[in-house]
Amino acid sequence: MVTGSDSDAEPLMSVRDLNTHFTTGRNLLGRTQGVVKAVDGVNFELHRGEVLGLVGESGSGKSTLGRSLLKLVQPTSGEIRYQGRDLVPMSESQMRPMRRELSMIFQDPNASMNPAMTIAQGVGHPLWIHGMVETRAEAREWVVDMLERVGLQPARNYLDRYPEELSGGQKQRLVIARSLITKPSFVIADEPVAALDMSVRARVLELMLELQEELDLTYVFITHDLATARFMCDRIGILYLGRFVEYGDADLMFSDPQHPYTRALLSAIPQPEAGRRGREKTLPRGEIPDAARPPAGCRFHPRCPQAFEVCGWEGQDLIDALEERWTQVDPETYERETKLFGKLDNAEVARESVRFSASAPEDLAEWLHEHGPNLHANVFSAVTEVRVESSHVLVRFGAGPEPAMQKVDRRDVACHLHGVLVRESGVHVGGPEVLHQTAR
């Protein structure tokens, strides 16, 4: 945790509009078929001695963001200023001397250590890469010092052993020792306790905080567990499909979360039975969408229990809501309604509309007016028109802009519940007319 950082001082790292995109393949003509925006317009500042938590479900972009900060993957655009120098345009040869100061603690200790190397060789290997030692004896002394610091004592008893001889918690201490052997200033910790038994996790987290104070470290701590983030972090960024949806002080995030996704993550934290009394569950529907085809508008809206008409409802959301309904009705209702709609595969689904082929279009339009508002998702709140067209029924949706970050109670939040503020470079339902600020 922060031991004395000055928020007015120059940040150790400043990230501006960072993007890391991946192509999903090419067609026969060599053209890119799709793009995954794994990191999409991320901004933050990190001061010396702070711990920033990156929190979200699997697939939210946490690990890609962490690797982008160290340029283990090349960002597509944006800035990563470390002590004033932009890392993004640097070549690998320019990055090489800086990697002494930038380090990473990986999640899986079994995959992080070379089983063919002794502990002295594996932990000391970065010293040779960066030219920090000249003799084997010197390297072993560095390793002894670091093993002592991470609690593997007596350290000399470990030097000529192999990682496979150690327990999971001891292996993770080795990984931490190797990550810190070059005396870095900035460390990415990617789910560093996720692979450990519950009984070991707290001790490893306490060790990391002790080393932070002892070695003047600055951490970016990646986790899917908000309870762990609360223990470790000064500030937290909640990631969803590559973007922050809420970013701010950790205490504020826990005492008064402002984004529905943050509330959902907090609801997932196990509580003692007494603590559950009067505690409302707000767990989201379904799973995180495919990052190659993120929802338009607010990316969380298909799962959000508070989504309303401007959140970005689109044609596919109506199809999904109908399919969800039909998994829950009785067989007689299912037969009647699927006959009325016909095969949903035959519907013309666009972002702003759905056109259903129907043998009884007037009846279908009447059903949509009557039952649409009662679908499990709030998709019908965005419907602006249901129109009969010969043997079809057209359903149109209103504008749904992607939300921009806005200040809410001393933190940044991307949510239309606090006022509709449009992200100009976002993906919207509707045309250019949605690109203006509107107060709700």
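The values are calculated or read from the model by the stated rules, or taken from the named source; none is laboratory data. Keep in mind that this is a model prediction, so the values were computed, not measured. We place every Cβ from the backbone using ideal geometry, glycine too, and count neighbours over all the protein chains shown.
Selection of helices (runs of 4 or more DSSP H) fully inside the stretch 58-165 by the criterion of at least 1 residues being surrounded by 13 or more Cβ atoms within 10 Å (Cβ to Cβ) and touching a Phe, Trp or Tyr at 6+ places or on another chain (Cβ under 7 Å) returns 109-112, 119-129, 136-149. Looking only at the stretch 43-57, residues that are crowded, with 18+ Cβ neighbours inside 10 Å and not in a loop (DSSP other than H, G, I, E, B) come to 7 in all. Within the stretch 214-222, does at least one residue satisfy the condition of being under 19 Å from SER60 (Cα atoms), touching a residue at least 24 places away in the same chain (Cβ under 8 Å) and assigned to a loop (DSSP other than H, G, I, E, B)? Scanning the stretch 214-222, I find no residue that is under 19 Å from SER60 (Cα atoms), touching a residue at least 24 places away in the same chain (Cβ under 8 Å) and assigned to a loop (DSSP other than H, G, I, E, B), so the answer is no.
Scanning the stretch 254-266 for residues that are over 16 Å from the mean Cα position of the chain (by Cα) and either closer than 22 Å to ARG201 by Cβ or buried (at least 19 other Cβ atoms within 10 Å of the Cβ) (or both) returns PHE254, PRO257, GLN258. Restricted to the stretch 189-239, and to residues there that are among the polar types (S, T, N, Q) and within 20 Å of LEU102 (Cα to Cα), the residue that is nearest to the chain's Cα centre (by Cα) is THR223.
The condition (being at pLDDT 95 or above and closer than 30 Å to HIS369 by Cβ) is satisfied by just one residue among ARG440, ARG387: ARG387.
Criterion applied to PRO373, PRO331 was being free of Cβ contacts under 8 Å to residues at least 12 places away in the same chain and either out of contact with any helix residue (DSSP H, G or I) (no Cβ under 9 Å at 6 or more places or on another chain) or among the aromatic types (Phe, Trp, Tyr) (or both), and the one residue passing it is PRO331. Inspect the stretch 180-203 for any residue being assigned to a helix (DSSP H, G or I), modelled with pLDDT of 95 or more, surrounded by 16 or more Cβ atoms within 10 Å (Cβ to Cβ) and of a type in the set (A, V, I, L, M) and give the result as yes or no. Yes, the stretch 180-203 contains a residue that is assigned to a helix (DSSP H, G or I), modelled with pLDDT of 95 or more, surrounded by 16 or more Cβ atoms within 10 Å (Cβ to Cβ) and of a type in the set (A, V, I, L, M).
Could you list, in sequence order, all residues of the stretch 295-339 that are more than 30 Å from VAL413 (Cα to Cα) and in contact with a Phe, Trp or Tyr (Cβ under 6 Å, 6 or more places away or on another chain)? Matches in the stretch 295-339: TRP326, TYR334. Residue count for the stretch 166-179 satisfying the condition of being over 20 Å from GLU138 (Cα atoms), part of a helix (DSSP H, G or I) and of a type in the set (Ser, Thr, Tyr): 0. Residue selection: MET208 satisfies the criterion of being part of a helix (DSSP H, G or I), assigned by TED's automatic domain parsing to the domain that holds ARG67, surrounded by 15 or more Cβ atoms within 10 Å (Cβ to Cβ) and not acidic (Asp, Glu).
Just to verify a result, which residue in the stretch 317-352, among those that are of a type in the set (Lys, Arg) and surrounded by fewer than 15 Cβ atoms within 10 Å (Cβ to Cβ), is nearest to ASN374 (Cα to Cα)? So, considering only residues that are of a type in the set (Lys, Arg) and surrounded by fewer than 15 Cβ atoms within 10 Å (Cβ to Cβ), the one nearest to ASN374 (Cα to Cα) is ARG336. Within the stretch 409-420, does at least one residue satisfy the condition of being part of a loop (DSSP other than H, G, I, E, B) and among the charged types (D, E, K, R)? Yes: one or more hits. Being farther than 30 Å from HIS428 by Cβ and hydroxyl-bearing (Ser, Thr, Tyr), is that true of even one residue in the stretch 347-366? Checked the stretch 347-366: at least one residue is farther than 30 Å from HIS428 by Cβ and hydroxyl-bearing (Ser, Thr, Tyr).
Hey, any hits in the stretch 129-144 for a residue that's in contact with a helix residue (DSSP H, G or I) (Cβ under 6 Å, 6 or more places away or on another chain), within 30 Å of PHE244 (Cβ to Cβ) and either free of Cβ contacts under 8 Å to residues at least 12 places away in the same chain or among the hydroxyl-bearing types (Ser, Thr, Tyr) (or both)? Looking through the stretch 129-144, none of the residues is in contact with a helix residue (DSSP H, G or I) (Cβ under 6 Å, 6 or more places away or on another chain), within 30 Å of PHE244 (Cβ to Cβ) and either free of Cβ contacts under 8 Å to residues at least 12 places away in the same chain or among the hydroxyl-bearing types (Ser, Thr, Tyr) (or both). Residues of the stretch 408-429 include none that is of a type outside the set (Gly, Ala, Ser), surrounded by fewer than 20 Cβ atoms within 10 Å (Cβ to Cβ) and over 28 Å from LEU239 (Cβ atoms).
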